[in-house]
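The values are calculated or read from the model by the stated rules, or taken from the named source; none is laboratory data. What you see is a predicted model, and the numbers here were worked out from it, not measured in a lab. Cβ: placed from backbone, ideal geometry, glycine included. Neighbour counts: every protein chain shown. Surface areas here come from the heavy atoms of the whole protein model, side chains and all, with no ligands, DNA or RNA. Shrake-Rupley method; radii C 1.70, N 1.55, O 1.52, S 1.80 Å.
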Amino acid sequence: MIATADSQRRWRRIFLIVGGIVAAYALLAPLTSLDAAQAAGIPLLTDKFWFRIATYVVMFVVLATAWNIIGGITGYAAFGNVAFFGIGAYTTGMLIAKAKWPFLVALPLAPVLAALFAALVGLPLLRLRGHYFAVASLGVGVAVGELVQNIDYNGQPVFGGASGLFLPIYAVGHRGLFFFYLMCGAAAIAIAVTWWVLRSRFGYGLIAIRENEDAAAVIGVNTTAYKVAAFALAAALTGLAGGIFSQWNVFINQDNTFPIEYNVQMILMALLGGTGTVFGPAAGAVLLQLLIQFLGGSLPISFDLPFVSSEARPIVAQVILGLLLVVVVIFVPRGVIDFFGGRTRLSLSYLRRSLRDTSL
Amino acid sequence: MAAFVQLVILGLLAGGVYVAVGVGFGLVWGVLNIVNLAHGALVIVGGYVTWQLFTAFGLDPFLTLPVDAVALFVLGYALQRGVINRIIRAPLLFTFLLTFGLNLVIVNVLLLIFGSDFRSVTPTYSGQGFELGGIVIPYVRLASLGAAILLSTGLAFLLSRTRVGLSIHAIAADRDAAQLVGIDLRHTYAVTYGLGAACAGVAGGLIAMIQAITPTAGEPYTLQAFVVVILGGLGRVSATVVGGLAFGLVEAFGQSIPGSGSVFANAIAFGLMVLVLVTRPQGLMGRLR
């Protein structure tokens, strides 16, 4: 037993060190990439495309970490968080494109509006529990996207309609780098907020709600206020990511700001990394987003899938993703980070045990 | 007035499809406590079975409905027995993610097999109808409403009058007690999901006659099935029938609002659902569980 504990601790330390090195490299490498790496010809860093991928990865760190506040800590299975992403994107987008506000002034309004909207719909929705809340929130996500695309005023689409909304390009040196670090800033805020929540009275209240809502109410937690606050907090962080996305991507429409699959991806990321933890969702987001990009063939390092033509590849990637989802949910319900964190070891008996715990 | 009557009739006729989509979804949800996000994908599998039989053998699409039901029952039974049964005791988020994963796999396998082209099933009588007091009633719509009612009646009969149906009721009421009296849980769970899938298959056959289908066309039906079941109330087939017809009516009237067209279909559906959930969570016909 002692030997196992020792080796687990060693694995945990190795994981932390490797994770720290990778994170530091990812954060600092872009700075050096501009001249030095270009001269050295390091493939990943000279590629402008890499910034796009890296920014997407960090964006999902924000989304998954934000979902964790309502889904992981409070235990409400929100399936429509993409609504807040879209609202954030359209808030910033409209203020820049139509009202001609400068980006950095328009950006803070994205989380504010997303949080206000979340509080507004949260009041009725958070009275629902379980499946009802999950699908009602999914409905909000779908409905908001549809409204944004289709609302007309005097025959003119208010939000750019089906053809989307174009933003003026933000004039800043090294754009890719700028938005990468801006997104990293949002991720840092999201993680810091989670860290604070888990150590505050507020967070203990949320955990109490997750474990037993009626009991939480009995011991004096104002469950409605707590739940709505958690929902609004998650929405604010998600909206912030959406606001950055709109100016970064320059073009927004219903497809890229309200994609239903983001709802599932952020949950899967949090689940993969471990819900209710500070760094779990972030780690899951990095893993899964890189995997999605890799399977889709958009990473600089890639390989050909055998027996698959290039046209069929995106479809096959989706099939693999679906199968992966099924396998993860069935066999690794506590998240893969569990193994690296040293609490459990990946073994046949672990897989068998988790299967037995949940199956009929 | 005539326009009003026309809207009511069209709404009820359109409701037939929603009834068919809703009953299977409601059965799986009510008995297995699974919100089956793969339901729309199963619906579309049924649609492709009908399309394949119609184009390859020229079979009348209404005659393919039993084939849809049998094929989808087998698929559903296998899915529940092989995959979903393994996470039945996990928190609800897991069943959500699992069925979403199944949805992803089914839809993309269909894309690999059939491509993303629109496919439609057009028997000689499609597009025709008869006039009744100035109101045009399309044959296909009327027949599909009839088929949906028949399907629901058959399901209700099966659930209340047969041994299988009684064991389904038993596992819905109390899983452990059902096991104690000798019901094979794994088999009964799989049969229940299979029946739900069979209903989805029939719904898909009907949908293939009404609209052109693609592998991704099923997604709205998952959401609509949910709204239909909420609207009627969980737990009884007859409630879902009422919910489906009511949903058809709401949709018909929603689309008739000038300027909105059909673009707000989802927004109307979900607005309605949230309203029902907040004001009358047991649904129009339901009892509180």
*Is it fair to say B:Ile44 is part of a helix (DSSP H, G or I), surrounded by fewer than 23 Cβ atoms within 10 Å (Cβ to Cβ) and touching a residue at least 12 places away in the same chain (Cβ under 8 Å)?*
no
*So, of the residues in the range A:229-257 that are open to solvent by 10 Å² or more (accessible area, probe 1.4 Å) and either in contact with a strand residue (DSSP E or B) (Cβ under 8 Å, 6 or more places away or on another chain) or not assigned by TED's automatic domain parsing to the domain that holds A:Ile169 (or both), which turns out to be nearest to A:Leu182 (Cα to Cα)?*
A:Val250
*asked:* Against the conditions (1) away from every other protein chain (no Cβ under 13 Å); (2) open to solvent by 20 Å² or more (accessible area, probe 1.4 Å), where does B:His187 fall short? Just the number, please.
replied: (1)
*For the range B:247-254, indicate whether the set of residues that are assigned to a helix (DSSP H, G or I), at pLDDT 85 or above, of a type in the set (A, V, I, L, M) and surrounded by 24 or more Cβ atoms within 10 Å (Cβ to Cβ) is non-empty.*
no
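Quick one: would you say B:Ala198 is surrounded by fewer than 21 Cβ atoms within 10 Å (Cβ to Cβ) and in a helix (DSSP H, G or I)? Quick ask: steps written out before the conclusion?
Details: surrounded by fewer than 21 Cβ atoms within 10 Å (Cβ to Cβ): no; in a helix (DSSP H, G or I): yes.
Spelling it out, it is not the case that B:Ala198 is surrounded by fewer than 21 Cβ atoms within 10 Å (Cβ to Cβ) and in a helix (DSSP H, G or I).
Condition check: of a type in the set (A, V, I, L, M, F, W, C) and assigned by TED's automatic domain parsing to the domain that holds A:Ala187. Does A:Leu271 satisfy that? Quick ask: steps written out before the conclusion?
On the way: of a type in the set (A, V, I, L, M, F, W, C): yes; assigned by TED's automatic domain parsing to the domain that holds A:Ala187: no.
Taking the combined requirement at face value, the residue does not satisfy it.
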*Just give me the residues in the range B:100-120 being more than 10 Å from every other protein chain (Cβ to nearest Cβ) and either touching a Gly at 6+ places or on another chain (Cβ under 8 Å) or part of a strand (DSSP E or B) (or both), in sequence order.*
B:Arg119
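Looking at the range A:151-172, can you tell me whether even one residue there is under 21 Å from the mean Cα position of the chain (by Cα) and in the same structural domain as A:Thr65 (by TED's automatic domain parsing)? Quick ask: steps written out before the conclusion?
First pass over the range A:151-172, keeping only residues under 21 Å from the mean Cα position of the chain (by Cα): none.
No: zero hits.
Return yes or no: is B:Gly22 buried (at least 24 other Cβ atoms within 10 Å of the Cβ), in a helix (DSSP H, G or I) and under 13 Å from the mean Cα position of the chain (by Cα)?
Details: buried (at least 24 other Cβ atoms within 10 Å of the Cβ): yes; in a helix (DSSP H, G or I): yes; under 13 Å from the mean Cα position of the chain (by Cα): yes.
So B:Gly22 passes the test.
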*asked:* Of the conditions (1) aliphatic (A, V, I, L, M); (2) more than 14 Å from chain B (Cβ to nearest Cβ); (3) buried (at least 18 other Cβ atoms within 10 Å of the Cβ), A:Ala217 satisfies every one except a single condition; which number is it?
replied: (3)
_Within the range A:311-334, tally of residues that are modelled with pLDDT under 70 and either open to solvent by 40 Å² or more (accessible area, probe 1.4 Å) or more than 8 Å from chain B (Cβ to nearest Cβ) (or both)_ = 1
*Can you tell me which residues in the range B:165-182 are open to solvent by less than 70 Å² (accessible area, probe 1.4 Å), touching a Leu at 6+ places or on another chain (Cβ under 9 Å) and not charged (D, E, K, R)?*
B:Gly165, B:Ile168, B:Ile171, B:Ala172, B:Ala178
*Could you give me the residue pairs with C-beta distances under 9 Å whose first residue belongs to the range A:349-360 and is facing chain B (nearest Cβ under 7 Å), whose second residue is open to solvent by less than 40 Å² (accessible area, probe 1.4 Å) and hydroxyl-bearing (Ser, Thr, Tyr) wherever it lies, and which are 6+ apart or on separate chains?*
A:Leu360/B:Tyr189
*asked:* Looking at the range A:77-97, can you tell me whether even one residue there is open to solvent by 10 Å² or more (accessible area, probe 1.4 Å), under 15 Å from the mean Cα position of the chain (by Cα) and either in the same structural domain as A:Tyr226 (by TED's automatic domain parsing) or of a type in the set (Phe, Trp, Tyr) (or both)?
replied: yes
*Kindly indicate the residue of the range B:263-286 that is buried (at least 18 other Cβ atoms within 10 Å of the Cβ) and of a type in the set (Val, Ile, Thr) and also nearest to the other protein chains (Cβ to nearest Cβ) among those meeting that condition.*
B:Val274
*asked:* Out of A:Ser302, A:Ser298, I need the residue that is among the polar types (S, T, N, Q), at pLDDT below 80, open to solvent by less than 40 Å² (accessible area, probe 1.4 Å) and in a loop (DSSP other than H, G, I, E, B). Which one?
replied: A:Ser298
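The rows are residues; the columns are (1) out of contact with any helix residue (DSSP H, G or I) (no Cβ under 9 Å at 6 or more places or on another chain); (2) crowded, with 24+ Cβ neighbours inside 10 Å; (3) closer than 30 Å to B:Ile34 by Cβ.
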| site | (1), (2), (3) |
| --- | --- |
| A:Trp101 | no, no, no |
| A:Ala106 | no, no, no |
| A:Ala110 | no, yes, no |
| A:Ala119 | no, no, no |
| A:Leu123 | no, no, yes |
| A:Gln156 | yes, no, no |
| A:Arg175 | no, no, no |
_What pairs come out if I take residues in the range B:108-131 that are hydrophobic (A, V, I, L, M, F, W, C) and pair them with residues that are part of a loop (DSSP other than H, G, I, E, B) whose C-beta lies under 8 Å away, six or more apart or interchain?_
B:Leu112/A:Ala312; B:Phe118/B:Ala212; B:Phe118/B:Thr214
*Can you spot a residue in the range B:59-77 that is out of contact with any helix residue (DSSP H, G or I) (no Cβ under 9 Å at 6 or more places or on another chain) and at pLDDT below 95?*
no
*Inside the range B:71-89, can you point out the residues that are in a helix (DSSP H, G or I), within 7 Å of another protein chain (Cβ to nearest Cβ) and open to solvent by less than 30 Å² (accessible area, probe 1.4 Å)?*
B:Asn85, B:Ile87
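Residues checked against (1) touching a Cys at 6+ places or on another chain (Cβ under 7 Å); (2) aromatic (Phe, Trp, Tyr); (3) more than 14 Å from chain A (Cβ to nearest Cβ):
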| residue | (1), (2), (3) |
| --- | --- |
| B:Pro91 | no, no, no |
| B:Phe94 | no, yes, no |
| B:Leu98 | no, no, no |
| B:Tyr125 | no, yes, yes |
| B:Pro138 | no, no, yes |
| B:Gly146 | no, no, yes |
| B:Leu155 | yes, no, yes |
| B:Leu158 | no, no, yes |
| B:Val164 | no, no, yes |
